[in-house]
Amino acid sequence: MIHDLEPGSKNMPSANKVEFQRQVAEALSDSNRTAFRGGIALQLQLSTTHKSPPHAHTIAKNLLDLLGCQGPKDNNWQKTRLYKNDVQIHALSVSCAHGQEHPSITVVARPFANMIDDVELAAEATHALAADGSDEVEREREEDWIGSFRRLLTNEAQYRTRGGDRLYESMIKMQRFYAQRAFLNGTSAVSIPVLGWLYGRPKGPFMQPLLEPWPSVIRQTGLRIQLGELPSRTGESEAFKQKIDEALEDFQNRWGWLITPLVVPVGLQVIVQPNALVTVGTQHDLDNIVRDYLLPKIVPKFGTVSDHKWTIDFDEMKRTAPDAAKLWGPNPLPPKGTKDGVTGYEVWRLPPGQPGFVSVTMTAQPDFEGDLMQRVDAKIKCWAERLDEEASPRRRYAGRL
């Protein structure tokens with residue numbers, strides 16, 4: 001955790017770059033470890049204070065480069081850098097909050113193999129914690145919101161006649177919010193158990209026949225934006241960008257009644273399966289996929305914003321709830337230049353297969369459970385606490401014997 005250092009793009013002052021690398025090297029030394037040699041799961045959590053900060057993906061690009069070996073003259077990189085090359089990153093999560101009081105950069109790294117072990121454990125925790133049926137109730141409630149909103153649209157004339165235009169518009173606004181959250185977080189997003197299945201977990205002979213079908217299920221679901229294979233040869237990028245335009249237009253045609261306009265801020269959840277025939281050296285870095293292909297298309301197409309504050313009508317709040325508006329302060333919005341974007345993004349690279357694909361969904365934010373990496377850790381912690389609570393009476397009883 002690096003405090004009081006403003007996150008920046010490639011234009012970050014040289015002194016700040018040196019200080020960032022110094023603190024990373026110090027953290028490695030304090031934990032008695034050297035650079036990661038194999039695959040990594042990496043989280044970047046950023047807070048900016050600058051009046052015109054760069055967007056999250058440009059900050060991430062700079063930091064990812066600074067975390068790696070700095071070239072052939074960087075002879076001490078194994079002791080001072082996090083990894084040799086960012087191609088080692090198999091799962092990446094980036095989140096950014098602009099307009100904060102204090103700047104900070106938090107880097108969380110773990111071996112990717114350990115991350116997948118944790119995904120498997122968290123999937124088991126998810127099933128154990130859901131034994132009371134509360135998850136099923138929540139899923140039914142989410143489906144109710146989507147169905148209720150659809151009925152409002154279908155029977156607009158009837159509702160307007162019955163309750164008047166003002167009531168109808170209020171109902172539309174409220175139910176669109178909850179329906180979008182239900183669709184984006186509960187219906188289209190990959191859950192912890194599904195993520196485990198995509199990586200062949202839990203281990204065992206019964207899972208082997210599912211290793212091929214599960215990526216196919218993700219690749220074909222109409223609830224996500226399916227983009228086909230990444231370009232792997234010179235001249236294929238423009239054709240891939242055209243595929244993105246077509247996929248986004250198709251998604252808009254099918255789900256525009258629900259997601260247009262977006263009234264919730266969103267992040268991106270991306271699943272990538274490289275083609276098994278493409279050599280490792282030519283595979284795209286995860287951050288490049290988001291920065292070069294996805295954000296330039298998705299942000300303008302759906303009007304996504306980088307912070308939940310942009311979805312709040314503060315002028316209306318001042319008029320109808322002045323006391324609540326005062327709590328936000330005189331300037332509640334982040335810097336204007338940061339509006340267009342997403343709250344964050346996470347990308348997971350599956351083992352190679354055929355065909356390769358990129359599958360994307362927008363996830364509603366703020367989701368207080370966090371991204372998949374944060375939810376994995378939270379599920380394991382919650383289950384451990386539950387088991388500890390259940391064990392406490394037994395320990396007290398055993399102590400009296």
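The values are calculated or read from the model by the stated rules, or taken from the named source; none is laboratory data. Note that the coordinates shown come from a computational prediction; the quantities given were computed from them, not determined experimentally. Don't worry about glycine lacking a Cβ; one is built from the backbone with ideal geometry, like all the others, and counts go over all protein chains shown. Quick note on the areas: whole protein, heavy atoms, side chains included, nothing else; ligands and nucleic acids left out. Shrake-Rupley method; radii C 1.70, N 1.55, O 1.52, S 1.80 Å.
Couple of notes before you dig in:
- Look at the alpha carbon pairs under 8 Å that are at least 6 residues apart: their mean separation over the length of the chain gives a relative contact order of 21 percent.
- Packing, taken as the mean count of other beta carbons within 10 Å per residue, orders the peptides 198-205, 116-123 from highest to lowest as 116-123, 198-205.
- Based on alpha-carbon atoms, the Kirkwood radius and the radius of gyration of the chain give Rg/Rh equal to 0.99.
- For region 163-301, the calculated P(r), taken from all Cα-Cα distances in 10 Å bins from zero up to the bin holding the longest distance, is 9, 32, 33, 17, 6, 2, 0 percent.
- Solvent exposure of the chain as accessible area per residue, Å², 1.4 Å probe: 52 Å²
- Measuring nothing but how far apart in sequence close Cα pairs (under 8 Å, 6+ apart) lie, relative to its length, region 28-106 scores a relative contact order of 54 percent.
- For the listed peptides 322-330, 89-97, 107-115, a ranking on the average number of other beta carbons within 10 Å per residue, highest first, reads 89-97, 107-115, 322-330.
- Taking all pairs of distinct alpha-carbon atoms in region 1-154, Kirkwood radius in angstrom: 18.2 Å
- Per-residue ellipticity at 222 nm from helix content only, as computed over the chain with -39500 (n - 2.57) for each DSSP H run of at least four residues, stands at -14500 deg cm²/dmol.
- Among beta bridges that DSSP assigns inside the chain, antiparallel share in %, nearest 5: 65 percent
- Sum of side-chain charges, Arg349 neighbourhood, beta-carbon under 13 Å (Lys, Arg +1; Asp, Glu -1): -4
- Only Cα sites of region 299-346 enter the Debye sum here, all with the same form factor; the resulting log10 I(q)/I(0) across q = 0.14, 0.18, 0.31 1/Å is -0.41, -0.62, -1.13, listed in q order.
- Reachable lysines, given that their alpha-carbon falls under 25 Å from the alpha-carbon of Lys381 and they are not under 8 places away in the same chain: Lys203
- Taking the Cα centre of the chain as reference, the dipole from Cβ charges on Lys and Arg (+1) and Asp and Glu (-1) amounts to some 300 debye.
- Distance between the C-alpha centres of region 1-42 and region 301-362: 27 Å, rounded to the whole angstrom.
- Relative packing of 256-269, 15-28, which averages over residues the other C-beta atoms within 10 Å, highest first: 256-269, 15-28
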